[in-house]
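Engineer: Got a structure for you, questions after.
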Amino acid sequence: YRHPEKKVVLFQTGMGFRRGREHFRHLLKTLQPALVVNLGIAGALDLNTELFTAFLVREVCSERGKSIDLHSRLPEPFRTEQRPFVHARLLTVSEAVLENSRREAFYRRFACPLVDMEAFPLAQLLPANLQAVFLKVVSDFADSRAVEQVKSRIPLLQQRLRQAAIQLFTNLRDRS
């Protein structure tokens, strides 16, 4: 999707990122954006995490033990933790986390309070000098009820994602 007056492009990946890799790489090369925003949902590995909270990802980790620093890629207004966003580390996995034991094991091993299925491969494709914001809203607690809960919360999640995106772009506009 394109905005008629500004160079804004929406690229939807869905859960996981297997099929979108080459298309995303092509878009980055062709459009050469100044900023990439990854907006989506994440499960909570830390049970103390509040549902529907919006997090700015400062580091994304893979289940293979690699990590990518995103803090240095954040636009200046977001490099310090401030409301309405909290900074957090995020773990990207290849399969949905739907068991308590798996959630607990991932949290112990990686100390990431959030989990998703696409941020790490997206971050790997970003050119070194490109600013990026990975903004995640907590949808569930990465357990056996996660799929059912996400489905039942779609309207709430859509509303919260919309609010988070508006807050993000308002803060960018007001501080630039």
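Engineer: Taking segment 68-102 only, how many residues are within 15 Å of Met117 (Cα to Cα), surrounded by fewer than 17 Cβ atoms within 10 Å (Cβ to Cβ) and in contact with a strand residue (DSSP E or B) (Cβ under 6 Å, 6 or more places away or on another chain)?
Structural biologist: 0
Engineer: Has segment 139-147 got at least one residue that is within 15 Å of the chain's Cα centre (by Cα) and either charged (D, E, K, R) or within 25 Å of Ile166 (Cα to Cα) (or both)?
Structural biologist: yes
Engineer: How many residues are assigned to a strand (DSSP E or B) and either under 21 Å from Leu125 (Cα atoms) or without any contact (Cβ under 8 Å) to a residue 24 or more places away in the chain (or both) if we restrict to segment 26-54?
Structural biologist: Within segment 26-54, the first condition is being assigned to a strand (DSSP E or B), and the residues that meet it are 35-44, 54.
Restricting the remaining residues to those that are either under 21 Å from Leu125 (Cα atoms) or without any contact (Cβ under 8 Å) to a residue 24 or more places away in the chain (or both) gives 35-42.
Count: 8.
Engineer: Filter segment 64-78 down to the residues that are part of a loop (DSSP other than H, G, I, E, B) and more than 16 Å from the chain's Cα centre (by Cα) and list them by number. Step through it out loud before you land on a result.
Structural biologist: First pass over segment 64-78, keeping only residues part of a loop (DSSP other than H, G, I, E, B): 64-66, 70, 74-75.
Across segment 64-78, the qualifying residues are Arg64, Gly65, Lys66.
Engineer: Please name all residue pairs, on different chains or six or more residues apart, with Cβ atoms under 7 Å, provided the first residue is in segment 74-89 and is at positive phi and the second residue is surrounded by 14 or more Cβ atoms within 10 Å (Cβ to Cβ).
Structural biologist: Sorted first by the residue in segment 74-89, then by its partner, the list stays empty.
Engineer: Being within 19 Å of the chain's Cα centre (by Cα), under 22 Å from Phe78 (Cβ atoms), at pLDDT below 95 and not polar (S, T, N, Q) is true for just one of Gly14, Gly40, Gly20. Which residue is that?
Structural biologist: After ruling out the rest, the residue left standing is Gly40.
Engineer: Is one or more of the residues making up segment 108-124 open to solvent by less than 20 Å² (accessible area, probe 1.4 Å), part of a helix (DSSP H, G or I) and small (Gly, Ala, Ser)?
Structural biologist: Yes, segment 108-124 contains at least one residue that is open to solvent by less than 20 Å² (accessible area, probe 1.4 Å), part of a helix (DSSP H, G or I) and small (Gly, Ala, Ser).
The values are calculated or read from the model by the stated rules, or taken from the named source; none is laboratory data. For clarity, every value in this text was computed on a predicted model and none was experimentally measured. Glycine also receives a Cβ, built like all others from the backbone with ideal geometry; neighbour counts cover every protein chain displayed. Heads up: the accessible areas ignore ligands, DNA and RNA and are worked out on the full protein's heavy atoms, side chains in. Shrake-Rupley method; radii C 1.70, N 1.55, O 1.52, S 1.80 Å.
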